[in-house]
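A short write-up of the structure that comes next.
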C-alpha cells in the first residue's frame, strides 16, 4: 500500500492521529526534504525505519523503486515539506505510476494552505485552485486575464520574492478595485489574513517589509455581471473575449449579439474598457 499523507503547513500540532499512526508503521517514508521531515517526525516521537528523498527532480526514478518496494509487501508513505503532497508539490507522477501497475493508494487527509484560507474567507461560491502562476510576466498576465469576469473564486500560491509583482499584475489586468484575500504564513506565529481591494492590499504589503516574507495564498474574489436586459452576462463576455482574439471589436460584438444576444452598446463599451483583448 502507498499512502499519501498530509502534514502541517506551519503549526506542528496540525497533524492527525491517523497520520501519526501511518507514519509510525511505514517501512519507508518518502520526503521532499529529509531534514525538514525528520524534524516533524522527532517532534511527534515517531520512530521511523527509513527516509528517502522524493522531489521534483528524482520523482520518476524513485517511483520505479517504490514499485519494487510495494512488490515486496512494504508499506510506503509519501509526505511533503508542508501540506498535502500533489497539491503544488511532488506526488502526481508517483501516484500515476503506482496506479498503472495495479497497486492501491490511500490518502491521509490533513492541512492544505489554500483550503485553510478559503475556510475563513467568508466566500460561499465555487472556487478554482490554480497553484503557482508562471514566472514570466507575459505568461502570468495571460493567465490572470482569464479571470476578468468569473462567478467563482480563484486561489493561487505565491512566493515572497514575487508577491509584489503578482499583485501589480492583478491590478494591471483585473483592475485596482478587484477584491482579494491574502493569507501569509498561515497557522504560524506571524500569520496574516488581509482582505480588501487589490490596490489597498498592495499598499498594505509595501508599507511593511515583514508582509513581504513567508509563503502566500491569494484568493481572487468572483467578479459577476448580473444577468438582465441592461447588463452583460458571463456567457456573453466569454464569447466576446474568444471572438476578439480573431476579430476586430465591431465584428466581434456583432457576432456575439447574433449568437447569444446582448446589448450591442454594452458589449462594445466592454471591449473599449478591456483593450488588452
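The values are calculated or read from the model by the stated rules, or taken from the named source; none is laboratory data. What you see is a predicted model, and the numbers here were worked out from it, not measured in a lab. Quick reminder, even Gly has a Cβ in these numbers, built from the backbone with ideal geometry, and neighbours come from all protein chains shown.
The rows are residues; the columns are (1) crowded, with 19+ Cβ neighbours inside 10 Å; (2) touching a strand residue (DSSP E or B) at 6+ places or on another chain (Cβ under 8 Å); (3) at pLDDT 95 or above.
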{"residue": "133", "(1), (2), (3)": "yes, yes, yes"}
{"residue": "153", "(1), (2), (3)": "yes, yes, yes"}
{"residue": "174", "(1), (2), (3)": "yes, yes, no"}
{"residue": "177", "(1), (2), (3)": "no, yes, no"}
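Out of the residues in the stretch 99-108 meeting the condition of being surrounded by fewer than 18 Cβ atoms within 10 Å (Cβ to Cβ) and touching a strand residue (DSSP E or B) at 6+ places or on another chain (Cβ under 9 Å), tell me which one is nearest to residue 219 (Cα to Cα).
Just the residues of the stretch 99-108 that are surrounded by fewer than 18 Cβ atoms within 10 Å (Cβ to Cβ), to begin with: 99-107.
Cutting the leftovers down to touching a strand residue (DSSP E or B) at 6+ places or on another chain (Cβ under 9 Å) gives us 99, 103-107.
Details: 99: 33, 103: 36, 104: 34, 105: 31, 106: 29, 107: 26 Å.
The selected residue is 107.
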Can we say residue 232 is out of contact with any helix residue (DSSP H, G or I) (no Cβ under 6 Å at 6 or more places or on another chain) and touching a residue at least 24 places away in the same chain (Cβ under 8 Å)? no
Keeping to the stretch 111-120, report how many residues are surrounded by fewer than 19 Cβ atoms within 10 Å (Cβ to Cβ) and either part of a loop (DSSP other than H, G, I, E, B) or touching a helix residue (DSSP H, G or I) at 6+ places or on another chain (Cβ under 6 Å) (or both). 1
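Please go through the stretch 1-17 and give me each residue that is touching a strand residue (DSSP E or B) at 6+ places or on another chain (Cβ under 9 Å) and at pLDDT 95 or above, ordered by number. Outline the logic, then answer.
Step one: list which residues in the stretch 1-17 are touching a strand residue (DSSP E or B) at 6+ places or on another chain (Cβ under 9 Å), which gives 1-9, 14-16.
Correct list: 2, 3, 4, 5, 6, 7, 8, 9, 14, 15, 16.
Does residue 238 satisfy the criteria of being at pLDDT below 95 and in contact with a helix residue (DSSP H, G or I) (Cβ under 8 Å, 6 or more places away or on another chain)? Can you show your working first?
Details: at pLDDT below 95: yes; in contact with a helix residue (DSSP H, G or I) (Cβ under 8 Å, 6 or more places away or on another chain): no.
No, not satisfied.
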Search result, residues across the stretch 135-151 that are buried (at least 17 other Cβ atoms within 10 Å of the Cβ) and assigned to a loop (DSSP other than H, G, I, E, B): 148, 149
Against the conditions (1) surrounded by fewer than 17 Cβ atoms within 10 Å (Cβ to Cβ); (2) within 29 Å of residue 131 (Cα to Cα), where does residue 269 fall short? Just the number, please. (2)
For residue 130, which of the numbered conditions (1) free of Cβ contacts under 8 Å to residues at least 60 places away in the same chain; (2) on the phi > 0 side of the Ramachandran plot fails to hold? (2)
Count of residues meeting criterion [crowded, with 17+ Cβ neighbours inside 10 Å and either assigned to a helix (DSSP H, G or I) or modelled with pLDDT of 85 or more (or both)] in the stretch 248-266: 5
Quick count over the stretch 48-68, residues being within 21 Å of residue 20 (Cα to Cα) and out of contact with any helix residue (DSSP H, G or I) (no Cβ under 7 Å at 6 or more places or on another chain), is 2
